[in-house]
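**Student:** Before anything else, here's the structure in question.
The values are calculated or read from the model by the stated rules, or taken from the named source; none is laboratory data. Please read these numbers as outputs of a predicted model, since none were measured by experiment. Backbone-built Cβ (ideal geometry, glycine too); neighbour counts: all protein chains shown. Each accessible area value is taken on the protein alone, full model and side chains, heavy atoms only, with ligands, DNA and RNA left out. Shrake-Rupley method; radii C 1.70, N 1.55, O 1.52, S 1.80 Å.
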Amino acid sequence: MSAQAQMRALLDQLMGTARDGDETRQRVKFTDDRVCKSHLLDCCPHDILAGTRMDLGECTKIHDLALRADYEIASKERDLFFELDAMDHLESFIAECDRRTELAKKRLAETQEEISAEVSAKAEKVHELNEEIGKLLAKAEQLGAEGNVDESQKILMEVEKVRAKKKEAEEEYRNSMPASSFQQQKLRVCEVCSAYLGLHDNDRRLADHFGGKLHLGFIQIREKLDQLRKTVAEKQEKRNQDRLRRREEREREERLSRRSGSRTRDRRRSRSRDRRRRRSRSTSRERRKPSRSRSRDRHRRHRSRSRSHSRGHRRTSRDRSAKYNRPWDPVYRGWTRATSWHFPC
């Protein structure tokens, strides 16, 4: 890659797709299904294992550093949960690698002679010491490249101690194996990257393997997978808690609404009951009013009749008394109303 391309990639990684106003690049969003989510999280095996013995070539999905920058900016504002897609991708890749490792072990067991469990344990001990030496040497070289010479010297001293242990383990293994089959039992499959390791590999070979890009790339992928599993589990637990809390809040609101509704219904019932009572009272009053008025009218008529009867009776009695007490007028041929007698002149 030229210096100009490297500078362009660096700007894309820092500023995203909108750094120069190119609308053609902005048409594809980082949320598109065609974009590799593992690339956005910087854990795509196609990028990590590029240039190694297990180079996977180009990924079938879109890889763009500018889209990764857009994702990093957007992920600060909201949770996009792309970790689940990346975890599924890495799990399928690691499962395929483990399957190849098991096939390599099976093939190796078929080509080599069977040995006893004691001899296998001794060979396993030699392999473990070889791995420890290779890892220490790789770490010492890394510290020396970083300028930390003192720590590098300390690790080299530890390497010498492990070499002495390895020599003793090899002597025990050699003494327990026949001379004809000693050279045949010298291979082992690396559990990390499924590469073959020799039982009698020198330190340089071990350092190149454990400090190489292939082995370190598989370590990075496996560590990233463990991290993604942990992150996904935490986010799923948080989502479940949020969902449970929202459900409880919704149920609480429903209970409150039911209570308020029941209270409203009770108030409405009591109001309707009161209205019915008032209506019944008013109706009963209206029903009672005509009877009272009729009784009053009847009583009044009775009183008026009695009064008129008494008045007529008194008038008749007075007329009768006056009739017999008044003198007879011979001129008018009737009883006079005067109380004294009148005689014609």
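**Student:** For the stretch 40-67, which residues satisfy the criterion of being assigned to a helix (DSSP H, G or I) and under 25 Å from the mean Cα position of the chain (by Cα)?
**Tutor:** Matches in the stretch 40-67: Leu40 only.
**Student:** Right, here's the next one. Assess whether Met87 counts as being in contact (Cβ under 8 Å) with a residue 24 or more places away in the chain, more than 21 Å from Asp203 (Cα to Cα), open to solvent by less than 50 Å² (accessible area, probe 1.4 Å) and in a loop (DSSP other than H, G, I, E, B).
**Tutor:** Answer is no for this residue.
**Student:** In the set Ala140, Ala86, Ala109, which member is within 30 Å of Cys36 (Cβ to Cβ) and small (Gly, Ala, Ser)?
**Tutor:** Going through Ala140, Ala86, Ala109 in turn, just one is within 30 Å of Cys36 (Cβ to Cβ) and small (Gly, Ala, Ser): Ala86.
**Student:** Right, here's the next one. Just one of (1) among the aliphatic types (A, V, I, L, M); (2) crowded, with 18+ Cβ neighbours inside 10 Å; (3) free of Cβ contacts under 8 Å to residues at least 12 places away in the same chain trips up Leu49, so point out which.
**Tutor:** That leaves (3) as the condition not met.
**Student:** Right, here's the next one. Does Thr60 satisfy being open to solvent by 70 Å² or more (accessible area, probe 1.4 Å) and modelled with pLDDT of 85 or more?
**Tutor:** yes
**Student:** Separate question: Condition test on Ile115, is it at pLDDT 90 or above and more than 26 Å from the chain's Cα centre (by Cα)?
**Tutor:** For Ile115, the condition - at pLDDT 90 or above and more than 26 Å from the chain's Cα centre (by Cα) - is not met.
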